[in-house]
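Participant: For reference, the structure I am asking about is given below.
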Amino acid sequence: MLKINKLNVGVEDKTILNDINLNINKGELHVIMGRNGTGKSTLSNIIAGKEGYNIGGGKLLFNNKNLLDMSIEDRALEGIFMSFQYPVSIPGLNTMHFLRTSVNSIRKHQNKKEYTSGEFIKLFKEKLKVVGLDESFARRSVNDGFSGGEKKRFEILQMLLIEPKLIILDETDSGLDIDALKIVANGINNFKSSQNGFLLITHYYRIIEYLNPNFVHVLLDGKIVKSGDKNLALKLEKEGYGWLQK
Amino acid sequence: MAGFRNNRLVNSSSIEKIQKFNFIDKEQWKYTNFNHLSRFTFNEHFNENLLSIDKDDSTDLLFLNELLNKENNHYLKLFNKIIPQENQFILYNTSYFHNGYYLNINKNSNAYVLIENKDLKSSKNNFINDRIFFNFNKNSKSTIFINEQNDEILKNNIVYELFLDDSSEVDFIIYSNQVNATKILNLSANIKSNAILNLYTVNISGELIKNNYYINLNNKNSQCNFNGIGLLNQKNHIDSYIEINHNKKHTTSNIRFNNVLNDYSKGIFYAKTTINENCSQSEATQNNQNMILSENSSVNSNPQLIINNDDVQCAHGSTTGEIDSDALFYMQTRGIGINEAKKILINSFLFDLVNNIKDDNILSLIKDNMNKWINNVN
């Protein structure tokens, strides 16, 4: 589904990602771990299409389409979704209005019937329950005045409504208490299927425990230096990253 | 220059000031050049037949010229006393208004008044002097909707005086969409105990618009909530000055004013809230946000708080910037195209300021027209 081949990315003269190779197939959940400032968020931003980076070579394909030629919104319409590390607040923009616009825009692109207002309200309320948010969120502005945990749950709510094919979770677990973490992990597990793929960026083992990933990769200084399974994450949790640089 | 119409209202020092036409001696006048207006005259008479007023039985409509001709008329106790004799335009209006309205909203009533200027026309070199006094009696609840939609090359010099008696509540909505207008508005309100003025002013376009608002919170628990919106494009110039005076304790004022500026337009926001010495337990906020869509548009923002009492809660702030690129990116990652995302963000930036308008028809008219403007943004 997602194929990254020898991808090099920089900002101004500084190299951030160096010869990255990564394939994510349907039904797989990949985890990327690494110290602060090693390029993890850059990788998710590049997949989502954020501007301001220099692509120094390599390929980035999604279902064999070249993502580097596609606009941000076209990537989303094709099925890529990014859960933000720091979701932006938009005062004055009603959550339900925002999400209905988003979901219907994507459904239209996929030749699916757009939701009527009534249909969407019903669906929205249903999914609010899944992520443990109450109905008052239907009247609030996007991320405005939300706590850290509410923002992350609202990101998962969007994923559940949009039903994307490739989901990038950029530190979705940071700032969550134990109960909220369980809710978020359950939301991800319930949505995970043989038809979609996940890329999770995290610093901590605790969410990995819930999610049972297929692969764990370590990103250091812009390079994937090691790949393994869940046990690699456990080793990193215990020993840190120092042993990888010896 | 024609003789003064209202000699009784104009004293000799006012006449001297008017004839000099050099009113720009205060901070709030320095951001707009009015010199070119000296070639116009201000003695065109206000023709009441051209301004349409729609009201119900809760409101008495009286004519100012008839009231002025009666000695010791109790209606006129406050007339021309609420508006400060602060600038030349007010003096012109007082000197030359020919007619005008006195709207008396009865006590304990629920009133709705619609004032429209769609048939108003001014001659080439002359300003029309509109004058209306609004008297909101005790415990009345009113919606006043001033709907200014006029494509004429209109020159208008307006004075509104508002008196809010105890426990009255007013939604006063001025919607102005006049692409060719040169408009000077001076509005002043005296607000008594437990009375609330919710003032909404939405200005879409305008060649030269100068709005001055003077609000006096004169008794305990009086309150003013000011919500302003400016949508400017081409060479529009909208200059708003808001002065709020807290004259008694336990008084509250909130100013929110957002502008969106495109093309070569210019916006000015200047607010001065003064909390006087004896006004403990008062609250005042000022918030001005400006969204700049073009590198050729500009804005001056000056939110001033003058606080002469320690036991108060006050806050003020001002931001000016382009559309939030992080918010745009966020929306695009949700499959919303960049142009639509921009429009949604402009919409979100503005609509919170008018959402508290209680009359659904007025709210939807204003929203529809704001959306038309937003949809034309490139």
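The values are calculated or read from the model by the stated rules, or taken from the named source; none is laboratory data. Worth saying up front: this structure is predicted, and the values here are computed from it rather than measured. All Cβ positions, even for glycine, are placed from backbone atoms using ideal geometry, and neighbour counts span all protein chains on display. Ligands, DNA and RNA are stripped out before the accessible areas are found, and what is left, the full protein with its side chains, is counted by its heavy atoms. Shrake-Rupley method; radii C 1.70, N 1.55, O 1.52, S 1.80 Å.
Participant: State yes or no: is B:Asp311 of a type in the set (Asp, Glu) and either within 18 Å of A:Gly92 (Cβ to Cβ) or crowded, with 16+ Cβ neighbours inside 10 Å (or both)?
Facilitator: No.
Yes/no per residue for (1) surrounded by 14 or more Cβ atoms within 10 Å (Cβ to Cβ); (2) under 12 Å from B:Arg131 (Cβ atoms):
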| position | (1), (2) |
| --- | --- |
| B:Asp56 | no, no |
| B:Asn65 | yes, yes |
| B:Lys70 | no, no |
| B:His74 | no, no |
| B:Ile83 | yes, yes |
| B:Leu91 | yes, no |
| B:Tyr101 | yes, yes |
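Participant: Just to verify a result, which residue in the range A:98-112, among those that are part of a helix (DSSP H, G or I) and open to solvent by 50 Å² or more (accessible area, probe 1.4 Å), is farthest from the other protein chains (Cβ to nearest Cβ)?
Facilitator: Across the range A:98-112, the extreme among qualifying residues is A:Arg100.
Participant: Could you check the range B:233-288 for strands (runs of 3 or more DSSP E) lying wholly inside it with 2 or more residues that are open to solvent by 40 Å² or more (accessible area, probe 1.4 Å) and within 17 Å of B:Cys314 (Cβ to Cβ)? Explain how you work it out, then say what you get.
Facilitator: Working: elements: B:237-246, B:252-261, B:266-275.
Once the strands (runs of 3 or more DSSP E) in the range B:233-288 are filtered for at least 2 residues that are open to solvent by 40 Å² or more (accessible area, probe 1.4 Å) and within 17 Å of B:Cys314 (Cβ to Cβ), what remains is B:252-261.
Participant: Only one of these conditions is not met by A:Lys40: (1) within 14 Å of another protein chain (Cβ to nearest Cβ); (2) among the charged types (D, E, K, R); (3) under 15 Å from the mean Cα position of the chain (by Cα). Which number is it?
Facilitator: Answer for A:Lys40: the failing condition is (1).
Participant: Hey, another quick one. Which residues, taken from the range B:341-359, are of a type outside the set (A, V, I, L, M, F, W, C) and more than 21 Å from the chain's Cα centre (by Cα)?
Facilitator: Answer for the range B:341-359, where residues must be of a type outside the set (A, V, I, L, M, F, W, C) and more than 21 Å from the chain's Cα centre (by Cα): B:Lys342, B:Lys343, B:Asn347, B:Ser348.
Participant: Quick one: which of B:Asn300, B:Asn309 is of a type outside the set (D, E, K, R), under 29 Å from B:His250 (Cβ atoms) and either in contact (Cβ under 8 Å) with a residue 24 or more places away in the chain or touching a strand residue (DSSP E or B) at 6+ places or on another chain (Cβ under 7 Å) (or both)?
Facilitator: Going through B:Asn300, B:Asn309 in turn, the sole match is B:Asn309.
Participant: Right, here's the next one. Within the range B:339-351, can one find any residue that is touching a residue at least 40 places away in the same chain (Cβ under 8 Å) and out of contact with any helix residue (DSSP H, G or I) (no Cβ under 8 Å at 6 or more places or on another chain)?
Facilitator: Checked the range B:339-351: at least one residue is touching a residue at least 40 places away in the same chain (Cβ under 8 Å) and out of contact with any helix residue (DSSP H, G or I) (no Cβ under 8 Å at 6 or more places or on another chain).
Participant: Can you give me the ranges of the helices (runs of 4 or more DSSP H) entirely in the range A:113-224 with at least 3 residues that are in contact with a Ser or Thr (Cβ under 9 Å, 6 or more places away or on another chain) and in contact (Cβ under 8 Å) with a residue 24 or more places away in the chain? Spell out how you get there, then give the answer.
Facilitator: Values: elements: A:117-130, A:148-162, A:178-191, A:205-211.
The qualifying helices (runs of 4 or more DSSP H) are A:148-162.
Participant: For the range A:76-83, state whether one or more residues are in a strand (DSSP E or B), touching a helix residue (DSSP H, G or I) at 6+ places or on another chain (Cβ under 9 Å) and of a type in the set (Ser, Thr, Tyr).
Facilitator: In the first step, residues of the range A:76-83 are kept if they are in a strand (DSSP E or B); the result is A:80-83.
Cutting the leftovers down to touching a helix residue (DSSP H, G or I) at 6+ places or on another chain (Cβ under 9 Å) gives us A:80-83.
Of the ones still in play, those that are also of a type in the set (Ser, Thr, Tyr) are A:83.
Scanning the range A:76-83, I find at least one residue that is in a strand (DSSP E or B), touching a helix residue (DSSP H, G or I) at 6+ places or on another chain (Cβ under 9 Å) and of a type in the set (Ser, Thr, Tyr), so the answer is yes.
Participant: Among the residues of the range B:322-372, how many are basic (Lys, Arg), more than 7 Å from chain A (Cβ to nearest Cβ) and surrounded by 16 or more Cβ atoms within 10 Å (Cβ to Cβ)?
Facilitator: 3
Participant: Now for a different question. Would you mind telling me which numbered condition in (1) more than 8 Å from every other protein chain (Cβ to nearest Cβ); (2) among the hydroxyl-bearing types (Ser, Thr, Tyr); (3) open to solvent by 10 Å² or more (accessible area, probe 1.4 Å) A:Ser71 fails?
Facilitator: Among (1) more than 8 Å from every other protein chain (Cβ to nearest Cβ); (2) among the hydroxyl-bearing types (Ser, Thr, Tyr); (3) open to solvent by 10 Å² or more (accessible area, probe 1.4 Å), the lone unmet condition for A:Ser71 is (1).
Participant: Further question on the same structure: Being β-branched (Val, Ile, Thr), out of contact with any Gly (no Cβ under 8 Å at 6 or more places or on another chain) and not in a loop (DSSP other than H, G, I, E, B) narrows it down to one of B:Ile336, B:Ile374, so name that one.
Facilitator: Within the list B:Ile336, B:Ile374, the selection yields B:Ile374.
Participant: Separate question: Within the range A:162-205, can you find the residues that are farther than 30 Å from A:Asn111 by Cβ and open to solvent by 80 Å² or more (accessible area, probe 1.4 Å)?
Facilitator: If the condition is that a residue be farther than 30 Å from A:Asn111 by Cβ and open to solvent by 80 Å² or more (accessible area, probe 1.4 Å), then A:Asp177, A:Ile178, A:Asp179, A:Lys182, A:Asn186, A:Tyr204 are the ones that fit.
Participant: Just to check your reading of the model, which residue among B:Ser193, B:Ser205, B:Ser222, B:Ser168 is surrounded by fewer than 24 Cβ atoms within 10 Å (Cβ to Cβ) and farther than 17 Å from B:Asn259 by Cβ?
Facilitator: Selected residue: B:Ser193, the only one of B:Ser193, B:Ser205, B:Ser222, B:Ser168 that is surrounded by fewer than 24 Cβ atoms within 10 Å (Cβ to Cβ) and farther than 17 Å from B:Asn259 by Cβ.
Participant: Tally up the residues in the range B:126-156 that are assigned to a loop (DSSP other than H, G, I, E, B) and either open to solvent by less than 10 Å² (accessible area, probe 1.4 Å) or within 24 Å of B:Asn65 (Cβ to Cβ) (or both), please.
Facilitator: The number of residues fulfilling the criteria is 4.
Participant: So in the range A:113-141, with the set limited to residues that are farther than 23 Å from B:Glu340 by Cα and aliphatic (A, V, I, L, M), which one is most open to solvent (accessible area, probe 1.4 Å)?
Facilitator: Here the answer is A:Val130.
Participant: Now, a different point. It is to be established whether one or more residues within the range A:44-66 are touching a residue at least 60 places away in the same chain (Cβ under 8 Å) and in contact with a Ser or Thr (Cβ under 8 Å, 6 or more places away or on another chain).
Facilitator: yes
Participant: Would you check if there is a residue in the range B:154-164 being touching a helix residue (DSSP H, G or I) at 6+ places or on another chain (Cβ under 8 Å) and among the basic types (Lys, Arg)? Give the steps one after another, and end with the answer.
Facilitator: Of the range B:154-164, the ones touching a helix residue (DSSP H, G or I) at 6+ places or on another chain (Cβ under 8 Å) are B:157-159.
Pick out the ones that are also among the basic types (Lys, Arg) and you get none.
No, every residue in the range B:154-164 fails to be touching a helix residue (DSSP H, G or I) at 6+ places or on another chain (Cβ under 8 Å) and among the basic types (Lys, Arg).
Participant: Could you check how many residues of the range A:81-97 are open to solvent by less than 10 Å² (accessible area, probe 1.4 Å) and more than 8 Å from chain B (Cβ to nearest Cβ)?
Facilitator: 2
Participant: Go through the range B:224-266 residue by residue and tally those that are of a type in the set (A, V, I, L, M) and over 21 Å from B:Lys26 (Cβ atoms).
Facilitator: 5
Participant: Out of curiosity, is B:His250 within 18 Å of B:Ile229 (Cα to Cα) and more than 14 Å from chain A (Cβ to nearest Cβ)?
Facilitator: On the way: within 18 Å of B:Ile229 (Cα to Cα): no; more than 14 Å from chain A (Cβ to nearest Cβ): yes.
Spelling it out, it is not the case that B:His250 is within 18 Å of B:Ile229 (Cα to Cα) and more than 14 Å from chain A (Cβ to nearest Cβ).
Participant: Could you please let me know if A:Asn94 is under 26 Å from B:Leu350 (Cα atoms) and under 20 Å from the mean Cα position of the chain (by Cα)?
Facilitator: Details: under 26 Å from B:Leu350 (Cα atoms): yes; under 20 Å from the mean Cα position of the chain (by Cα): no.
Considered against the rule, which asks whether it is under 26 Å from B:Leu350 (Cα atoms) and under 20 Å from the mean Cα position of the chain (by Cα), A:Asn94 comes out as no.
Participant: In addition: Looking at (1) more than 22 Å from the chain's Cα centre (by Cα); (2) among the polar types (S, T, N, Q); (3) at pLDDT 85 or above; (4) closer than 23 Å to B:Glu243 by Cα, which is the only condition B:Thr94 fails?
Facilitator: So the condition that B:Thr94 fails would be (1).
Participant: Additional query: If we keep just the residues of the range A:3-34 that are at pLDDT 90 or above and assigned to a loop (DSSP other than H, G, I, E, B), which is nearest to A:Asp229 (Cα to Cα)? Outline the logic, then answer.
Facilitator: Quick first cut of the range A:3-34, residues at pLDDT 90 or above only: A:3-11, A:14-34.
Applying the additional criterion that residues be assigned to a loop (DSSP other than H, G, I, E, B) yields A:25-28, A:34.
Details: A:Asn25: 16, A:Lys26: 17, A:Gly27: 15, A:Glu28: 12, A:Gly34: 15 Å.
The extreme case among them is A:Glu28.
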